[in-house]
Amino acid sequence: LIFCAAPMDVDATLRTFRAYDGSLSLIHTSDAHELAGDIARQGRAVVVGPYDFGMSQRTLAGAAAFAKAGVPVAFAANTPLRSGEALRTTAALAVRYGMDAAAARRAMTSVPASVAGVADRVGTIRAGMDADLVVFSNDPLRPDARVLAVYVDGANVYTADQ
């Protein structure tokens, strides 16, 4: 992961790493999506967030701009500095500002696993993967969805009070 504080930092990083294969992911600021096409052409991923309600519409539309350009997007929550709810808030705001809901769900699951280099074990539900699951009362992108149960390695570690 490389933190880029401005679009010119993203541009310099892309130019520097253009010749290198491998997993370079960019953590950006609000204007980096101006370079979404360049990032997509190099097959790089970006990590965005956390988003909150006080951010500009331009910033909140960034994840959608990346996704529409074909850039894999992963959401960050900045835990433990923020609560775990920051991840769902980021995803919900990204959808509200133009990101496809399915892409937002992947940005909370399979894309971060890929960015972290652990997609062979986590991030999707399929045979052979770690059975780490969170069960919600509704779509996790809805603010009223509650966590009903949590499973780690297939074992129930939390069940909400009914």
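The values are calculated or read from the model by the stated rules, or taken from the named source; none is laboratory data. The structure presented is a predicted model; accordingly, all values stated were derived computationally and were not measured. Cβ sites come from the backbone with ideal geometry, for glycine too, and all protein chains shown count toward neighbours. Side chains included, ligands, DNA and RNA excluded: accessible areas come from the protein's heavy atoms. Shrake-Rupley method; radii C 1.70, N 1.55, O 1.52, S 1.80 Å.
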Does the stretch 109-135 hold any residues that are farther than 15 Å from residue 151 by Cα, part of a loop (DSSP other than H, G, I, E, B) and open to solvent by less than 50 Å² (accessible area, probe 1.4 Å), and which are they? 118, 119
Please determine, by comparing only the residues of the stretch 61-106 that are part of a loop (DSSP other than H, G, I, E, B) and in contact with a strand residue (DSSP E or B) (Cβ under 7 Å, 6 or more places away or on another chain), which one is least open to solvent (accessible area, probe 1.4 Å). 71
Neighbours by Cβ (under 7 Å, 6+ apart or cross-chain): first from the stretch 33-51, closer than 10 Å to residue 71 by Cα; second open to solvent by 30 Å² or more (accessible area, probe 1.4 Å) and basic (Lys, Arg): 42/18
Can you tell me which of 101, 64 is at pLDDT 90 or above and in contact with a Leu (Cβ under 7 Å, 6 or more places away or on another chain)? 101
Test residue 152 against the criterion of being at pLDDT below 95 and surrounded by 17 or more Cβ atoms within 10 Å (Cβ to Cβ), and give yes or no. no
From the option list 92, 40, single residue qualifying as aliphatic (A, V, I, L, M) and touching a Lys or Arg at 6+ places or on another chain (Cβ under 9 Å) is 92
Unmet requirement for residue 162, which otherwise passes all of (1) surrounded by fewer than 12 Cβ atoms within 10 Å (Cβ to Cβ); (2) under 29 Å from residue 44 (Cβ atoms): (2)
Does the stretch 29-73 hold any residues that are among the hydroxyl-bearing types (Ser, Thr, Tyr) and either out of contact with any Asp or Glu (no Cβ under 9 Å at 6 or more places or on another chain) or more than 15 Å from residue 97 (Cα to Cα) (or both), and which are they? 29, 30, 51, 56
Would the stretch 25-45 turn up any residue that is at pLDDT 85 or above and surrounded by fewer than 16 Cβ atoms within 10 Å (Cβ to Cβ)? no
Only unsatisfied item for residue 145, checking (1) among the small types (Gly, Ala, Ser); (2) open to solvent by 30 Å² or more (accessible area, probe 1.4 Å); (3) modelled with pLDDT of 90 or more; (4) assigned to a loop (DSSP other than H, G, I, E, B), is (2)
Of the numbered conditions (1) over 18 Å from residue 141 (Cα atoms); (2) more than 15 Å from the chain's Cα centre (by Cα); (3) at pLDDT 70 or above; (4) polar (S, T, N, Q), residue 83 fails exactly one; give the number of that condition. (1)
